[in-house]
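Colleague: Dumping the structure here so I can ask a few things about it.
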Amino acid sequence: MSMGGLPVRRIHIGSEQLEQLRKDDVWSKRLIPVQLEIDGITVDAKLRHRGGHTRAYPKKSYELQLDDGTTLHWNAEYDDPSMIRNALSFHYFNTIGVPAPSTRHCQVEWNGQPLGIYLEIESVDRNFFDKRGIGMRSVIYAVNDSAGFGLIDPETKRRKTSLFDGYQLICGSETDKRRLMMFVRRLNLLQGERLRKHMEGKLDIKQYLTWLCGAVLTGNYDGFDQNYSLYTGTDRLYRIMPWDYEGTWGRNCYGKPCSSSLVRIQGYNTLTKKILSFPVYRGWYRRKLSHMLESSFTVEALSPAIDAMVQSIAAAIRHDRTRKWPYDVFEREPEFIRNYIRERTDVVHGELIRWRFKNRRSKASKNIHA
């Protein structure tokens, strides 16, 4: 065990493999063979860099693929002074009934040299669903901001060359890729009752709206057009899960404090807009969101998890020289997160009231002109 009681992950990499990793572009998908010592057992594995803008940072994040099919993600969490935002977000989603990866803080060593603290994140793959006894037919990652369920590329502002742009197939077949593209195409072309039936026949809408509550409350601005995964169960309905929630709880993905009103309660992306265009789902969502504000999303409900996570890594953080944030900032983070919860609760309450009033006024206007 390491200082602070955290488990240690030891990487053993040959000089040739290490030189190859250093030569490769950080965006390379090449897997470098290594040996991983984990929980007292040494296994063969393959390693590569992972992440988005964080690949340019001095402390890298890694993906490891073990020979038994297990995939581990080691996040440096370099921008997060608390180092718990991803872990707390996934904890929260699991609390509200949306499956999310398990996490574990650990210390990493590289040929005997310490690399500091990392957050080890479970991969969303076949093993993930087998462990939970969840039937699964396909898994698709939303890997960039083209995954907003629309027809237009956000960069070029032109029609996408493929409606699978922004996605990566993790489990499944070409049929599953075509099925998602057809879902998106019809989502954008159908209206009224035909649209409602299309969504109900392909999507677990209440599960999606529960996920939406979590994304809205935690404040993940980047979580609507990317940073999620879709899976289909044995009933072939799409369900959604969170992925990469470092930019939450009052800080953006670069670690900068942001307004508690940054994310609107109606969320973003085409699918969310289509669902909330129907009064029955709009009403269900508002009731669900209101209930969470009184139950799961409170300082009282979340403080035990916040305190337990912070206390578990505090000693190790104090001695970790790879972090960009000073220790005194880390010490203030629990109260920073609690203050975000209080502010976010007030903001969402206010937005719910204004949203209801706006809808009533809109209905009244329609009745006058009918």
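The values are calculated or read from the model by the stated rules, or taken from the named source; none is laboratory data. Everything numeric here is computed off the predicted structure, so don't read it as measured data. So basically every Cβ, Gly included, is an ideal-geometry build from the backbone, and we count neighbours across all protein chains shown. Each accessible area value is taken on the protein alone, full model and side chains, heavy atoms only, with ligands, DNA and RNA left out. Shrake-Rupley method; radii C 1.70, N 1.55, O 1.52, S 1.80 Å.
Colleague: Determine the per residue accessible area of the chain with all protein chains present and a 1.4 angstrom probe, expressed in square angstrom.
Modeller: Numbers: 17450 Å² over 370 residues.
That works out to 47 Å² for each residue.
Colleague: For all pairs of alpha-carbon atoms in the stretch 1-113, what percent lies in each bin of width 5 Å, listed from the first bin to the last filled one?
Modeller: 2, 10, 18, 23, 20, 16, 8, 2, 1, 0
Colleague: So which aspartates and glutamates can residue 131 reach, going by Cα to Cα under 15 Å and dropping same-chain residues fewer than 8 places off?
Modeller: 68, 122
Colleague: Can you spot the lysines whose alpha carbon is less than 20 Å from residue 358's alpha carbon? Ignore those fewer than 8 places along the same chain.
Modeller: Answer for residue 358, where 20 Å is the Cα cut-off: 273, 274, 288, 366, listed by chain and number.
Colleague: Heavy atoms only, probe 1.4 Å: what % of the accessible area of the chain goes to carbon and sulfur, would you let me know?
Modeller: Values: 8600 of 17450 Å².
Summing carbon and sulfur atoms, their accessible area is 49 percent of the total for the chain.
Colleague: Around residue 246, under 11 Å between beta carbons, what's the net of Lys plus Arg minus Asp minus Glu among the other residues? Working shown, then result.
Modeller: On the way: positive: 85, 251; negative: 77, 79, 80, 222, 244.
Its environment carries a net charge of -3.
Colleague: Based on a Kirkwood Rh over C-alpha pairs, give the Stokes-Einstein translational diffusion coefficient of the stretch 211-313 at 10 °C and viscosity 1.306 mPa s in µm²/s. Kindly include the intermediate steps, with their values, before the conclusion.
Modeller: Details: Rh = 15.2 Å.
It diffuses with D of about 104 µm²/s by this estimate.
Colleague: Hey, another quick one. Determine which lysines satisfy two conditions relative to residue 29: a Cα distance under 27 Å, and not lying fewer than 8 residues away in the same chain.
Modeller: Qualifying lysines at Cα under 27 Å: 46, 59, 60, 160, 177, 324.
Colleague: Along the principal axes of its C-alpha atoms, what lengths does the chain span, in descending order and rounded to whole Å?
Modeller: Principal-axis extents of the chain (Cα, largest first): 76, 47, 40 Å.
Colleague: Shifting gears a bit: How would you rank 83-93, 278-288, 151-161, highest first, on the average number of other Cβ atoms within 10 Å across their residues?
Modeller: On the way: 83-93: 24.7, 278-288: 15.5, 151-161: 12.0.
Going by the mean number of other Cβ atoms within 10 Å, highest first, we get 83-93, 278-288, 151-161.
Colleague: Cβ under 12 Å from residue 210's Cβ, residue 210 left aside: what net charge do those residues give with Lys, Arg +1 and Asp, Glu -1? Show your work: numbers first, answer last.
Modeller: On the way: positive: 206, 239, 287, 288; negative: 204.
Taking every other residue near residue 210 into account, the sum is +3.
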